[in-house]
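Asks: Sending over a structure as structure tokens; questions will come in a sec.
Values quoted throughout were computed directly from the atomic coordinates according to the rules given, and no laboratory measurement underlies them. In this text the structure is predicted, and so the values were computed from the model without any measurement. Quick reminder, even Gly has a Cβ in these numbers, built from the backbone with ideal geometry, and neighbours come from all protein chains shown.
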């Protein structure tokens, strides 16, 4: 397997992926802002003498009413992180999704501000930052708008709103406020130009929406306004409060120092969440480590095979070469004590092989009756390969330890043995085996069955049943001294074995004890899926599957068959029992390949999505199991050529990937949104690559478009925009999407 780091979204199910269309738009500027207006109407009339007469109509005031100090919370479509969530969010920018697409732009931020700048912003606060909410649980101070504007709600400068812009009824509205100290506000406030990049429109199309209409007008029913915060939660963890605040009346403080007493902002919506301490290792880091040694170079295919790492001499001799080849296939050398008491070593491997298993010689392809038959003797070197013998013993031990299976196996064989002998003793029954014979006729007592036939068989020519005829004739025959004699024929067990070869007999014998037979086949199918074997049988040496590794393996069907033969060897008394075992070996197929993952991905991301492919065909696992806490096993019915690990879906969010970068995405052409690689590009490969785009200080505020090393100019340059051209707010949102990470492994 080769590896390809990839953070792109891919299909991960066997069902065809529906075409979801998600488009981003910059903003929605209204034709008329919310506010108070007056219509003045003047008419000029000219009389017959040529003089103009001006008539002023009565002014007509009207208001464009939009939310200003509060809005219906049902208009919130989504929040991320969700309220009261607990998780690792230190690389995520919180955001809020509003049903009203034009709400952030329905009024100007302030005089002289560009129309694309919204009047609201999303601010993130940590514990012990807000005086009135030290625990960062989202507390606010409520009151009327009049009290807010009069400064009666507490410390902090209120918004400077023109009285002419206020409707009389607005003064009595209730509003929620939050006090932000001046130094904190200066540290986290967005610049007016940055506010335009932190707000955009999103259109989520229907599940069957076509992608061909990317230039079409947006679907009004699918539009939402999205506001993204400019601050990352603390890497050390803790509680955080998020406030959607109105900055109307504070525009002058966005580019100048705020009042020393702080500002009192209107909080339109608020929620809180808890982020856990960030260890610096996320899904992307762990998945990338599985695939690469240095974060860039894919691991060689041989490093991803399930086998013990072995280094041999430069010029290996014959025995050395043989040992190295066996270990390269997945075998390990273990001490062995022979029945004679001698001590030596032997090779052993489980059902997993690093290379396709060598086919066994034809004589060994028959049914195994003992572990000794399964030993492979390497005569040239005087050692054994005990793999198949150990498989036989493992299957036998598991069967002996399971009383329910053992009892079902013995009862099934007893019933099938009785039925086979009856067929051999009664040729007329054997002739019906493929047609009308029932299981009851094979298992019911012979005397009962014969009596039933005497009652049922009629002789139309004589007009009576055989039983009646026999009774009528019995008296005269006995008086005459006549005695009925019949020759008995003895059938041997060998005859019973021969019956098994007749058409239809095998399937009929499985019905002799259908309940027990079903238990046997279900148990054996579980053994074929390796469900009953411990990890030590599957991976005999832990160094073949070290911590934080992924390994791929073929599955040796002969090893699995040896384990099945061992299980069926329990209670075999003679060759007929052994022949009857073949009836139970027609279960499900043996898997062809396996993937084993030993990583903290397993317990920390239990919903990790896995996808396997053979060509373009999705291959579903026949088994997906976890050993202990950190080892995951997947078995596949076909040899796969591509395997993918994907982070569990979490909805659309914004921020950095687990490896401290963002994914550049195309912004033009017919592949808008297609991944273009990591930004900033490596090297250097360390977590400080993105920190240059943060404002100075310890507040983790993103420098979107401020002084110094800002993100928007850097992204514009990465997309080849020159001459002062910049990416738009929609394009910026496209770059900041933190898509689930994915890691692909491909077989050359």
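Asks: With only alpha-carbon atoms in the gyration tensor, what are the semi-axes of the equivalent ellipsoid for the stretch 502-554, in Å, largest first? Write down the numbers at each step before the final one.
Replies: Details: eigenvalues 302, 27, 11 Å².
For the stretch 502-554, the ellipsoid semi-axes come out as 39, 12, 8 Å.
Asks: What does a probe at residue 666 reach in the stretch 686-730, counting residues whose amide N is under 16 Å from the point 7 Å along Cα→Cβ?
Replies: Residues passing the 16 Å test: 719-720.
Asks: Turning to a different aspect of this structure: Just order 90-102, 41-53, 67-79, 704-716 by mean Cβ neighbour count inside 10 Å, highest at the front, would you?
Replies: Numbers: 90-102: 20.5, 41-53: 7.8, 67-79: 15.3, 704-716: 17.4.
Going from most to least packed, we get 90-102, 704-716, 67-79, 41-53.
Asks: Next up: For the stretch 254-322, what log10 I(q)/I(0) values come out of the Debye formula at q = 0.16, 0.18 1/Å, with one point per alpha carbon and no solvent?
Replies: Scattering profile of the stretch 254-322, log10 relative to I(0): -0.88, -0.93.
Asks: If you stretched the chain out fully between residue 57 and residue 714, how much longer would it get, using 0.36 nm times the residue separation minus the C-alpha to C-alpha distance? Display every interim value, and only then the final one.
Replies: Numbers: separation 657, 0.36 × 657 = 236.52 nm, distance 5.64 nm.
Extra length available between residue 57 and residue 714 comes to 230.9 nm.
Asks: For the stretch 128-247, what size does the Cα cloud have along each of its three principal axes, sorted from largest down, in whole Å?
Replies: The Cα atoms of the stretch 128-247 stretch 56, 47, 25 Å along their principal axes.
Asks: Would you mind classifying the stretch 684-742 by shape? Square roots of the alpha carbon gyration tensor eigenvalues, ordered a ≥ b ≥ c; an a/c under 1.5 is rounded, otherwise it is prolate if a/b is larger than b/c and oblate if not. It would help to have the intermediate numbers written out before the result.
Replies: Details: a/c = 1.64, a/b = 1.16, b/c = 1.41.
Oblate, since a/c reaches 1.5 and b/c is not below a/b.
Asks: Can you give the Rg to Rh ratio of the stretch 193-330, both from alpha-carbon atoms, with Rh computed by the Kirkwood formula? Don't jump to the answer; show the numbers that get you there.
Replies: Details: Rg = 28.5 Å, Rh = 22.5 Å.
Ratio value, two decimals: 1.27.
Asks: So, one more: Return P(r) of the stretch 568-679 (all Cα-Cα pairs; 10 Å bins starting at 0; whole %; ordered from short to long distances).
Replies: 11, 25, 26, 20, 9, 5, 5, 1
Asks: Moving on to the next point. Between residue 397 and residue 507, what length comes free when the chain is fully extended (0.36 nm per residue of separation minus the Cα-Cα distance, one decimal in nm)? Spell out each step's value before the answer.
Replies: Details: separation 110, 0.36 × 110 = 39.60 nm, distance 2.82 nm.
Difference between extended and current length: 36.8 nm.
Asks: Now for a separate question. Kindly provide the Kirkwood hydrodynamic radius of the stretch 49-199 in Å, to one decimal, from all pairs of distinct alpha carbon atoms. Can you show the working numbers first?
Replies: Working: mean 1/r = 0.0538 Å⁻¹.
About 18.6 Å for the stretch 49-199.
Asks: Taking R0 as 25 Å, what FRET efficiency do you get between residue 311 and residue 333 from their Cβ-Cβ distance, rounded to the nearest 0.05?
Replies: 0.95
Asks: Could you tell me the relative contact order of the stretch 485-615? Use alpha-carbon pairs under 8 Å, at least six residues apart, and round to a whole percent.
Replies: Once divided by the residue count of the stretch 485-615, the mean separation gives 33 percent.
Asks: OK, next. Sorting check: for 163-171, 608-616, which peptide has the highest mean count of neighbouring beta carbons within 10 Å, and how do the rest follow?
Replies: Numbers: 163-171: 11.8, 608-616: 15.7.
Result, highest mean first: 608-616, 163-171.
Asks: If I stretch the segment between residue 72 and residue 610 completely, what's the gain in nm (0.36 nm per residue apart, minus their alpha carbon distance), one decimal?
Replies: Working: separation 538, 0.36 × 538 = 193.68 nm, distance 4.10 nm.
Extra length from residue 72 to residue 610 when fully extended: 189.6 nm.
Asks: Turning to a different aspect of this structure: Which whole-number percent of Cα pairs in the stretch 41-93 have a distance greater than 12 Å? Intermediate values should be presented prior to the final figure.
Replies: Values: 1114 of 1378 pairs.
Within the stretch 41-93, distances greater than 12 Å cover 81 percent of Cα pairs.
Asks: Counting only Cα, what are the radius of gyration and maximum Cα-Cα distance Dmax of the stretch 281-424, in Å?
Replies: Looking at the stretch 281-424, its Cα Rg and Dmax stand at 21.8, 71 Å.
Asks: Still on this model: So how far apart, in nm, are the two label points at residue 358 and residue 139 if each is 7 Å from Cα heading toward Cβ?
Replies: 7.6
Asks: Between rounded, prolate and oblate, where does the stretch 313-375 land on the alpha carbon gyration tensor, with a ≥ b ≥ c its root eigenvalues, rounded for a/c under 1.5, else prolate if a/b exceeds b/c? Numbers along the way, then the final one.
Replies: Working: a/c = 2.11, a/b = 1.23, b/c = 1.71.
Cα axes put the stretch 313-375 in the oblate bin.
Asks: At 7 Å along the Cα-to-beta-carbon direction for both residue 322 and residue 585, put a label point, then send me their distance in nm to one decimal.
Replies: Each label point lies 7 Å from its Cα, and together they span 2.9 nm.
Asks: May I ask you to order 396-408, 555-567 by the average number of other C-beta atoms within 10 Å around their residues, highest value first?
Replies: Numbers: 396-408: 16.4, 555-567: 23.9.
Taking the mean over residues of other Cβ atoms within 10 Å, the ranking is 555-567, 396-408.
Asks: What is the Å³ per residue value for the convex hull set by the Cα atoms of the stretch 118-179? Before the final figure, lay out each step's value.
Replies: Working: hull volume 5.9 nm³, N = 62.
Dividing the Cα hull volume of the stretch 118-179 by its residues yields 95 Å³.
Asks: Hey, another quick one. How high is the FRET efficiency between residue 146 and residue 722 when r is their beta carbon distance and R₀ equals 56 Å, given to the nearest 0.05?
Replies: Details: r = 52 Å, r/R0 = 0.93.
That gives a FRET efficiency of 0.60.
Asks: Where does the stretch 488-592 land on the Kirkwood hydrodynamic radius, alpha-carbon pairs, in angstrom?
Replies: Values: mean 1/r = 0.0609 Å⁻¹.
After inverting the mean inverse Cα-Cα distance, the result is 16.4 Å.
Asks: Also, I was wondering about something else. For the stretch 87-155, take the alpha-carbon Rg, divide it by the Kirkwood Rh, and send me Rg/Rh.
Replies: Values: Rg = 15.8 Å, Rh = 15.4 Å.
Value, to two decimals: 1.03.
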